[in-house]
Amino acid sequence: MLKEKKSWAQITRKQWEGEIPTPDNSSYVIYNFYRLHDLPLNKYTIEDVYFMLNQNELPDILIPFVLDYLDKKDIYIEAKYYEGDLFNSILTGKCDFWESDKAQKHIPKLKKLIQAYENYDYTNKNIYSVSRKTLEKSIHQIKDCLKL
């Protein structure tokens, strides 16, 4: 898992303000963000990483981790909702990150994962077409963004 021992609150130097959310008095997003804000990143599950990426939090730390994780596993790992959602979480809405100077060193690994998607052997795999179509759309957008 992640090696970072600091929490989101320590990294961003932001503390929770306002009422303490509970599952009964708040939305899933607010409660989950509260649950994770003081948790060290090395205690995050893949689902937690997925959640934080979808909140556009800590992409500088989480995207490189996901790149390495997917490179060792499978691009169709399911973090929460569908096969490939973790891969999709580093693509969708992340053009600003990928265009930044700090992301440049990670683009070769991104290209490698995109190539893995394009060459994926679907023989004897039951990957839902919606997962494939969602990833295909996100990959197309990131390719356009980066002019790949």
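FYI, it's all coordinate maths here, none of it is from the lab. Quantities reported herein were computed from a predicted structural model and do not represent experimental measurements. Glycine gets a Cβ as well: all are built from the backbone with ideal geometry, and neighbour counts include every protein chain shown.
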Any idea which of LEU148, LEU36, THR92 is furthest toward the positive side of the dipole for the chain, if Lys and Arg beta-carbons carry +1 and Asp and Glu beta-carbons -1? LEU148
Subtracting the Cα-Cα distance from 0.36 nm times the residue separation, let me have the gained length for TYR82 to ARG13 in nm, one decimal. 21.5 nm
Quick check on the chain: helices-only [θ] at 222 nm, where DSSP H runs of length 4 and up contribute -39,500 (n - 2.57) each and the sum goes over total residues. Nearest 500, please. -15500 deg cm²/dmol
Contour minus Cα-Cα distance for SER27 and ASP71 (0.36 nm per residue): 12.5 nm
Whose amide H sits under 5 Å from the amide H of GLU78, counting only residues 5 or more places off or on another chain, with H placed in the peptide plane? GLY84
Relative to the first principal axis of the alpha-carbon coordinates of the chain, what is the inclination of helix 28-37, with its axis defined by its Cα atoms, in degrees from 0 to 90 and to the nearest 10? 80
Shape call for the stretch 51-108, from the Cα gyration tensor axes a ≥ b ≥ c (a/c under 1.5 means rounded, otherwise prolate when a/b beats b/c, else oblate), comes out oblate
For the chain, longest principal axis from Cα atoms; helix 59-72 axis from its Cα atoms; angle between them, nearest 10 degrees, is 50
Gaussian network model of the chain, springs between alpha carbon atoms under 10 Å - residue of ASN119, ASN32, ASN54 with greatest fluctuation: ASN119
Across the stretch 39-56, in residue order, what do the Karplus-derived ³J(HN,Hα) couplings come to in whole Hz, using 6.51 cos²θ - 1.76 cosθ + 1.60 with θ = phi - 60° and x for Gly and Pro? 7, x, 4, 6, 9, 5, 8, 4, 5, 5, 4, 4, 4, 5, 4, 6, 9, 6
Surrounding charge for LEU53, neighbours by C-beta under 12 angstrom, Lys/Arg +1, Asp/Glu -1, total -3
So what's the chain giving for Rg/Rh, alpha carbon basis, Kirkwood Rh from the mean inverse pair distance? 0.99
Checking the cross-link filter: which aspartates and glutamates have an alpha carbon closer than 12 Å to that of LYS143, excluding same-chain neighbours under 8 positions apart? GLU99
Would you mind checking which residues have amide H under 5 Å from SER7's amide H? H placed 1.01 Å from N; only 5 or more apart, or other chain. LEU41
Give the cross-link partners of LYS3 among the aspartates and glutamates, using a straight C-alpha distance below 20 Å as the criterion and excluding same-chain residues fewer than 8 apart. ASP38, GLU47, ASP48, GLU57, ASP60, ASP68, ASP71
Test of understanding: in a Gaussian network model of the chain with alpha carbons linked when under 10 Å, which of LYS109, LYS43, LYS14 would top the mean-square fluctuation ranking? LYS14
Assign one of three labels to the stretch 1-44, namely rounded, prolate or oblate, based on the Cα gyration tensor with a ≥ b ≥ c the square roots of its eigenvalues; rounded applies when a/c is under 1.5, prolate when it is not and a/b is larger than b/c, and oblate otherwise. oblate
Between LYS125 and GLN141, what is the spin-label point distance in nm, taking each point 7 Å from the Cα along the Cα→C-beta axis? 2.2
Report the gain in length on full extension from LEU148 to LYS6: 0.36 nm times residue separation, minus Cα-Cα distance, nm rounded to one decimal. 47.7 nm
Backbone N under 18 Å from the SER100 label point (7 Å along Cα→Cβ), restricted to the stretch 59-79: 59-68
Where a Cα-Cα gap under 27 Å defines reach, which lysines qualify for LYS6, not counting those fewer than 8 residues away within the same chain? LYS14, LYS43, LYS72, LYS73, LYS80, LYS94, LYS102, LYS105, LYS109
Angle between the Cα long axis of helix 107-118 and the longest principal axis of the chain, 0 to 90 degrees, nearest 10? 60
Report the dimensions of the stretch 12-85 along its three principal axes from the alpha-carbon atoms, largest first, rounded to Å. 40, 27, 19
